[in-house]
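Remarks on the structure that follows.
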Amino acid sequence: DAGITQSPRHKVTETGTPVTLRCHQTENHRYMYWYRQDPGHGLRLIHYSYGVKDTDKGEVSDGYSVSRSKTEDFLLTLESATSSQTSVYFCAISESRGQPQHFGDGTRLSIL
Amino acid sequence: AQTVTQSQPEMSVQEAETVTLSCTYDTSESDYYLFWYKQPPSRQMILVIRQEAYKQQNATENRFSVNFQKAAKSFSLKISDSQLGDAAMYFCAYEGFQGGSEKLVFGKGTKLTVNP
């Protein structure tokens, strides 16, 4: 299995608080992705990275920011969490275009 | 923007039988990749099969095969000899080259139940 670790696995927080989710990989893959999964929507891309300090927006990027200062780490930040950001968040990595993405185990985030 | 449609929210199959899950997509690109991912109750996302659009031959992986119809923009998944462990959500996904970068677009999924 691809070495991807998401932390935390579960988090409950209050509206208006900042939240940071971490994705760590040991595969040295170039591409890293953050998705959210909600019932009836499948997985939707939030942000992705194609190299250190190279990131771009996905389909549902509003309210989220990311950073990648090292190849192995990709951080997703909710600056001021809202209840609509309650979701399951997945990190994924891939080696190159057209190669399958390998997913972490997900983080369940609840914002009350 | 590319879209992926899975028209069957739920499907069921008897153990040992065959089931086909549908997927259609919309694109103007000629070079792209298609995937099926499986998500069991454990929540893990697991790659089932991958298809390169420039290859006419349909991909197969053991009991899993696809029917790739490029002109019709259709990419269905056939599961033969269904097993209880095949019960899961199945997601079809498209990867193209949108706006200068690679992005994966998922369908909304099909929940597959396998009856003993």
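Based on the mean of other Cβ atoms within 10 Å per residue, sort peptides A:60-66, B:38-44, B:19-25 so the most packed one is first.
B:19-25, A:60-66, B:38-44
Longest exposed-loop-site-free stretch of chain B, with GluC sites (Glu not before Pro), DSSP loop and at most 14 other Cβ within 10 Å?
B:30-116
Say R0 is 35 Å: what FRET efficiency, to the nearest 0.05, do A:Ser83 and B:Gln44 get from their beta-carbon distance?
The pair A:Ser83/B:Gln44 has a calculated efficiency of 0.85.
Considering only C-alpha atoms, what is the centroid distance from the stretch A:19-67 to the stretch B:52-90, in Å?
Going from one Cα centre to the other spans 27 Å.
Could you tell me which residue out of A:Leu112, A:Ser7, B:Tyr54 lies farthest along the dipole of the protein assembly as shown toward its positive end? Charges go on the beta carbon: Lys and Arg +1, Asp and Glu -1, centred on the Cα centre.
Working it through, the farthest residue towards the positive pole turns out to be A:Leu112.
Mind checking the mean number of beta-carbon atoms from other chains within 10 Å of the Cβ atoms in A:43-55?
2
Considering every residue in B:22-33, what mean count of other chain Cβ atoms within 10 Å of its Cβ is obtained?
Partner Cβ neighbours, averaged per residue: 1.
Please compute, for peptide A:31-40, the average count of beta-carbon atoms on other protein chains lying within 10 Å of each residue's beta-carbon.
2
Which value, in Å² rounded to 10, gives the accessible area of A:Leu112 with a 1.4 Å probe and all protein chains present?
A:Leu112 has an accessible surface of roughly 130 Å² with all protein chains in place.
Taking just the C-alpha trace of the stretch A:4-111, give me its Rg and Dmax in Å.
Reported Rg and Dmax, both Å: 12.9, 39.
Skipping prolines and chain starts, which residues have an amide H placed within reach, meaning under 5 Å, of the one on B:Lys103, given they are 5 or more residues away or on another chain?
B:Gly96, B:Gln98
Could you derive backbone 3J(HN,Hα) for the stretch A:58-71 from the dihedral phi with the Karplus parameters 6.51, -1.76 and 1.60 (θ = phi - 60°), listing whole Hz in sequence and x where the residue is Gly or Pro?
The phi angles translate into x, 5, 10, 8, 4, x, 10, 9, 9, 8, 9, 9, 9, 3 Hz.
Percent antiparallel among DSSP beta bridges with both residues in the stretch A:4-111, to the nearest 5?
90
Just the number, please: buried accessible area between B and A, total of both chains, 1.4 angstrom probe, nearest 100 square angstrom.
By this definition, chains B and A bury close to 2000 Å².
So how strong a dipole does chain B carry about its Cα centre when Lys and Arg Cβ are +1 and Asp and Glu Cβ are -1, to the nearest 20 debye?
Dipole about the Cα centre, nearest 20: 120 debye.
Considering only DSSP states other than H, G, I, E and B, which trypsin sites (Lys or Arg not before Pro) in the stretch A:24-99 qualify as loop sites with at most 10 other Cβ atoms within 10 Å?
A:Lys53
Express the carbon and sulfur contribution to the solvent-accessible surface of the stretch A:4-111 as a percent, rounded to the nearest whole number, probe 1.4 angstrom.
44
Taking the solvent-accessible surface of protein heavy atoms with a 1.4 Å probe, what is the per residue accessible area of the protein assembly as shown in Å²?
Ligands and nucleic acids excluded, the result is 47 Å² per residue.
Taking all pairs of different Cα atoms in the stretch B:3-115, averaging 1/r and flipping that mean, what Kirkwood radius in angstroms comes out?
Roughly 14.2 Å, rounded to one decimal.
In whole Hz, what ³J(HN,Hα) sequence does the stretch B:26-41 give by Karplus (6.51, -1.76, 1.60; θ = phi - 60°), x for Gly and Pro?
10, 7, 10, 7, 10, 10, 7, 10, 10, 9, 10, 10, 10, 10, x, x
For the protein assembly as shown, what D do you get in µm² per second when you plug the Kirkwood radius from alpha-carbon pairs into Stokes-Einstein at 10 °C and 1.306 mPa s?
88
The values are calculated or read from the model by the stated rules, or taken from the named source; none is laboratory data. If you're wondering where the values come from, they're calculated on a predicted model, not measured in any experiment. A quick note on method: Cβ atoms are made from the backbone with ideal geometry, for glycine too, and the neighbour counts reach across all protein chains shown. Remember, those area values only see protein heavy atoms, side chains included, never the ligands or the DNA or RNA. Shrake-Rupley method; radii C 1.70, N 1.55, O 1.52, S 1.80 Å.
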